[in-house]
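**Q** For reference, the structure I am asking about is given below.
Read the figures in this text as sums done on the coordinates, not as results from a lab. Just so we're clear, the structure is a prediction, and the values are computed from it rather than from any experiment. Don't worry about glycine lacking a Cβ; one is built from the backbone with ideal geometry, like all the others, and counts go over all protein chains shown.
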Amino acid sequence: MKKDAKRPKPAEAEPSAGSDDLMESGVSEVSDNGLVSVEKEKPPTPEEELAVLKDKYLRLAADFDNYRKRQLAQGKLIRAEAYRTLLSSILPGVDDLHLAAAHETTDEAYRAGIMKVIEKLDAALAALGVERMNPLGKPFDPELHECLAVHPSPDDEPNTVIEVYADGYRWGDVVLRPAQVVVAQAPPDGGV
């Protein structure tokens, strides 16, 4: 029988299609039997290890610093919104007290009591950094004032606040409530 004739011949060791890739990745050669010999990477020097660790440390420190700054900014925004909401809900009561103080009465004790309450509230708001804005006689600013009406006025500069219905309040750069005002307008050409 010819059993030997059917037996395949051993193939010669040919480098595979990706042998160039192997060579670039540290493989030095492929032997005839198909075994791959790999060059061992030399261990990093202490200076190289130190440089890698220093780089990792600096990146981690920068990431943490950025995280800390984001958290501080977010906390500031949350506090500002909470203050704005709380203070805005108190302001109508403060306005009512100012209206009561402006009301004429013969009872001086009543008037003195209201003024004392207003002083305490104003001091508490000032301690929180809230500033009351009374823009009477100042130029109209749409970021700080809410125009309720416009009246022709020959005596006042156009675009000037001539009456204040409600004072505005500001907390730092945040306008808690714009002042509600009446603005002067130049009279029409034909009359006063």
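**Q** Could you check the simple spin-label distance between residue 103 and residue 156, using points 7 Å along Cα→Cβ, in nm with one decimal?
**A** If labels sit at residue 103 and residue 156, their model points lie 2.6 nm apart.
**Q** Ranking request for peptides 124-134, 57-67: highest mean number of other beta-carbon atoms within 10 Å first, then the rest in descending order.
**A** Descending mean neighbour count gives 124-134, 57-67.
**Q** Another question about this same structure. Could you derive backbone 3J(HN,Hα) for the range 95-110 from the dihedral phi with the Karplus parameters 6.51, -1.76 and 1.60 (θ = phi - 60°), listing whole Hz in sequence and x where the residue is Gly or Pro?
**A** Residue by residue, the range 95-110 yields 4, 4, 5, 5, 5, 5, 5, 6, 5, 6, 8, 8, 8, 5, 5, 4 Hz.
**Q** Right, something else. Note down the net charge around residue 181, summing +1 for each Lys or Arg and -1 for each Asp or Glu among other residues with Cβ under 15 Å from its Cβ.
**A** Its environment carries a net charge of -4.
**Q** If you take every DSSP beta bridge fully contained in the range 38-192, what fraction is antiparallel? Give it as a percent rounded to 5.
**A** Antiparallel bridges: around 65 percent, rounded to the nearest 5.
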